[in-house]
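Right, one structure below, let's go through it.
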Amino acid sequence: MLTPVIDEDGAPFWEFAARRELRVQGCADCGELRFPPRPCCPHCRSFDSEWRLMSGRGRIWSYVLPHPPLLPDYAAQAPYNAVLVELADAPRIRLAGNVVAAPDAPLDSVDPARLRIGAAVRVAFTEIDGVTVPRWLLERG
């Protein structure tokens, strides 16, 4: 599995994920949320930021089923999904990830036929090679 490259701006996101918290960077001056994290607010140009706790709920905004697998490490897990999740608390914020059956389940654990644009999901966390990453679970509906 690939693990994220953690840079200075995004480090707090991963530190909160390790505590099983989904937080998004926001401007401490104008209040606008932003993702991916960056040093300057694109709305008011302030360098003051804070990290706001999200509910961990969202909906599938888009998804793909990669065919053929482009990376050898993923070939055995095909077909798997890659999703963009629009956060319920911040509809303009979308996070990339995977929908899985359980936090530690393999990437191919959800039948692709169950995925729908707009489907409700909630965050779950798992550790991969020492990094805690968010994944998504379908809400029962």
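The values are calculated or read from the model by the stated rules, or taken from the named source; none is laboratory data. Only a predicted model underlies this, so the values are computations on that prediction, with no experimental measurement involved. Heads up, the Cβs are rebuilt from the backbone with ideal geometry, glycines too, and the neighbour counts pull from every protein chain shown. Please note that ligands, DNA and RNA were not included when accessible areas were found on the heavy atoms of the full protein model with its side chains. Shrake-Rupley method; radii C 1.70, N 1.55, O 1.52, S 1.80 Å.
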* Asked: Using θ = phi - 60° and the Karplus curve 6.51 cos²θ - 1.76 cosθ + 1.60, what whole-Hz ³J(HN,Hα) does each residue of the stretch 53-65 get, with Gly and Pro shown as x?
  -> 6, 9, 6, x, 10, x, 9, 5, 8, 7, 7, 9, 10
* Structure fact -> In the chain the DSSP beta bridges are antiparallel at a rate, in percent to nearest 5, of 95 percent
* Structure fact -> On the accessible surface of the stretch 1-139, probed at 1.4 Å with all protein chains in place, carbon and sulfur together account for a percent value of 53 percent
* Using only the Cα atoms of the chain, each taken as one equal point scatterer with no solvent, compute I(q) by the Debye sum, divide by I(0), and report log10 of the ratio at q = 0.09, 0.13, 0.17 Å⁻¹. => -0.28, -0.59, -0.96
* Can you pull out the cysteines in the chain that have no other Cys Cβ under 4.7 Å? -> C40
* Asked: Once the Cα atoms of the stretch 64-141 are picked out, what are the Rg and Dmax in Å?
  -> 12.5, 36
* **Separation in nanometres of the label points that stand 7 Å from Cα toward Cβ, at R38 and R140** => 4.2 nm
* Mind listing the long-range amide H neighbours of L22? Cut-off is under 5 Å, sequence gap 5 or more, other chains count too, H placed in the peptide plane at 1.01 Å from N. => M54
* For the chain, calculate the relative contact order in percent as a whole number, restricting contacts to Cα pairs under 8 Å that are 6 or more residues apart. => 22 percent
